[in-house]
Structures are given as C-alpha cells and as structure tokens.
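Asker: One structure, as structure tokens, below. Some questions next.
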Amino acid sequence: MNIPQSGFQAAYSEEEPTLEQISQLQGEAILELGAPWCGHCMAASAAVEEAFKGYPNLGHIKIYDGKGKPLGRAFKVKLWPTLIRLRDGVEVGRLVRPTETAEVRKLLA
C-alpha cells in the first residue's frame with residue numbers, strides 16, 4: 001500500500017485498510033481514527049487541519065471508526081479522535097483528543 005494522498009484529509013473514509021496494509025506502508029503518515037458525528041472529532045478538526053499546513057507532504061489516513069471495526073481495535077483505540085504517527089507502518093507516536101494546533105504539530109514533527 002502506498003502512502004495515501006498527502007496533506008490534510010477533511011472527510012473520514014469508510015474504506016478501512018487492513019492492519020496488514022498499514023504495516024506495509026513506507027515512509028511517514030498519520031492515521032486518524034474517529035467519526036464524523038463525534039463532537040470531540042469536530043472540535044479537533046480545525047487544530048489538525050491547521051497543523052497539517054506545515055506538513056503538506058505527510059500522508060493522512062482518516063478512517064471512520066466504530067464498534068467492531070478491526071483497524072481501531074487492532075490499535076486499541078478507545079477515544080476519538082486518535083491520531084497515530086506511523087513510520088514504515090509502525091506506530092511511533094499517538095495523540096488522543098487534541099484540542100490545540102501546537103499539540104498536533106508536536107506529533108507531526
């Protein structure tokens with residue numbers, strides 16, 4: 001699987017890659033798990049979008065998570081949104097329910 005489209009992705013994708021596809025990613029990417037109706041996700045969206053402005057070439061995989069969805073469970077996601085920093089398909093950082101651009105930038109840096 002190639003790194004997804006670079007830069008901030010506004011919409012959650014209902015198409016969920018498998019854990020195996022994620023583990024085969026090359027390079028750096030952010031996996032964001034949440035839901036379009038989630039208040040915390042809506043509140044975090046502006047901070048995430050603003051932070052991505054400084055990282056236009058960083059891949060952003062934004063997945064609509066939910067009960068029984070395997071990818072979120074594989075990463076043990078309990079709260080939305082959860083942003084996971086991936087390097088060559090391996091988690092190297094995580095941020096849960098961000099509210100400020102600075103904390104998202106710290107994860108992206």
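The values are calculated or read from the model by the stated rules, or taken from the named source; none is laboratory data. The structure displayed is predicted, hence computed values, not measured ones. Positions of Cβ are generated from backbone atoms using ideal geometry, with glycine treated the same way; all protein chains shown enter the neighbour counts.
Asker: It is to be established whether one or more residues within region 51-62 are under 16 Å from Gln9 (Cα atoms), aliphatic (A, V, I, L, M) and surrounded by 20 or more Cβ atoms within 10 Å (Cβ to Cβ). First the steps, then the outcome.
Answerer: Taking region 51-62 and keeping what is under 16 Å from Gln9 (Cα atoms), we get 51-62.
When the remaining residues are screened for being aliphatic (A, V, I, L, M), the result is 51, 58, 61.
Among the residues that remain, those that are also surrounded by 20 or more Cβ atoms within 10 Å (Cβ to Cβ) are: 51, 61.
Among the residues of region 51-62, at least one is under 16 Å from Gln9 (Cα atoms), aliphatic (A, V, I, L, M) and surrounded by 20 or more Cβ atoms within 10 Å (Cβ to Cβ), which makes the answer yes.
Asker: Sticking with this structure for a sec: Please enumerate the residues belonging to region 79-105 that are among the basic types (Lys, Arg) and in contact with a helix residue (DSSP H, G or I) (Cβ under 9 Å, 6 or more places away or on another chain).
Answerer: Taking region 79-105 as the starting set, the residues that turn out to be among the basic types (Lys, Arg) are 85, 87, 94, 97, 105.
Answer for region 79-105, where residues must be among the basic types (Lys, Arg) and in contact with a helix residue (DSSP H, G or I) (Cβ under 9 Å, 6 or more places away or on another chain): Arg85, Arg94, Arg97, Arg105.
Asker: I've got another one for you. Kindly establish whether Lys67 is on the phi < 0 side of the Ramachandran plot and out of contact with any strand residue (DSSP E or B) (no Cβ under 7 Å at 6 or more places or on another chain). Break it down into steps so the answer makes sense when it comes.
Answerer: Details: on the phi < 0 side of the Ramachandran plot: yes; out of contact with any strand residue (DSSP E or B) (no Cβ under 7 Å at 6 or more places or on another chain): yes.
Considered against the rule, which asks whether it is on the phi < 0 side of the Ramachandran plot and out of contact with any strand residue (DSSP E or B) (no Cβ under 7 Å at 6 or more places or on another chain), Lys67 comes out as yes.
Asker: So, of the residues in region 64-82 that are in a loop (DSSP other than H, G, I, E, B) and aliphatic (A, V, I, L, M), which turns out to be farthest from Ser45 (Cα to Cα)? Outline the logic, then answer.
Answerer: So in region 64-82, the residues in a loop (DSSP other than H, G, I, E, B) come out as 65-69, 75-81.
Keeping just the survivors that are aliphatic (A, V, I, L, M) gives 77, 79.
On the way: Val77: 18, Leu79: 15 Å.
For region 64-82, the residue satisfying everything is Val77.
Asker: Out of the residues in region 63-77 that are of a type in the set (Lys, Arg) and modelled with pLDDT under 95, state the one that is surrounded by the fewest Cβ atoms within 10 Å (Cβ to Cβ). Steps first, please.
Answerer: Step one: list which residues in region 63-77 are of a type in the set (Lys, Arg), which gives 67, 69, 73, 76.
Applying the additional criterion that residues be modelled with pLDDT under 95 yields 67, 69.
Values: Lys67: 6, Lys69: 15.
My answer is Lys67.
Asker: Can you tell me which residue within region 25-35, out of those that are surrounded by 13 or more Cβ atoms within 10 Å (Cβ to Cβ) and not acidic (Asp, Glu), is farthest from Leu107 (Cα to Cα)?
Answerer: Only one residue fits best here, namely Ala35.
Asker: Whether any residue in region 83-95 is among the hydrophobic types (A, V, I, L, M, F, W, C), more than 17 Å from Ala47 (Cα to Cα), in a strand (DSSP E or B) and under 11 Å from the mean Cα position of the chain (by Cα) is what I want to check.
Answerer: Kept after step one, since they are among the hydrophobic types (A, V, I, L, M, F, W, C), are these residues of region 83-95: 83-84, 86, 90, 92, 95.
If we keep only those that are more than 17 Å from Ala47 (Cα to Cα) as well, we get 86, 90, 92.
With in a strand (DSSP E or B) added as a condition, the list becomes 86, 90, 92.
Retained after the next criterion (residues that are under 11 Å from the mean Cα position of the chain (by Cα)): 86.
Yes, because at least one residue in region 83-95 is among the hydrophobic types (A, V, I, L, M, F, W, C), more than 17 Å from Ala47 (Cα to Cα), in a strand (DSSP E or B) and under 11 Å from the mean Cα position of the chain (by Cα).
Asker: Now for a separate question. Check region 58-73 and report whether any residue there is without any contact (Cβ under 8 Å) to a residue 12 or more places away in the chain and not basic (Lys, Arg).
Answerer: yes
Asker: Looking only at region 13-48, filter to residues that are part of a loop (DSSP other than H, G, I, E, B) and modelled with pLDDT of 95 or more; which one of those is nearest to the chain's Cα centre (by Cα)? Steps first, please.
Answerer: First, pick out the residues of region 13-48 that are part of a loop (DSSP other than H, G, I, E, B): 14-18, 24-27, 35-38.
Still in the running and modelled with pLDDT of 95 or more: 35-38.
Values: Ala35: 11, Pro36: 13, Trp37: 16, Cys38: 15 Å.
Selected residue: Ala35.
Asker: Return a yes/no flag: does region 9-24 have any residue that is of a type in the set (Gly, Ala, Ser), at positive phi and out of contact with any strand residue (DSSP E or B) (no Cβ under 6 Å at 6 or more places or on another chain). Before the answer, list the steps.
Answerer: Step one: of region 9-24, the residues of a type in the set (Gly, Ala, Ser) are 10-11, 13, 23.
Subsequent filtering for residues that are at positive phi retains none.
Scanning region 9-24 turns up no residue that is of a type in the set (Gly, Ala, Ser), at positive phi and out of contact with any strand residue (DSSP E or B) (no Cβ under 6 Å at 6 or more places or on another chain).
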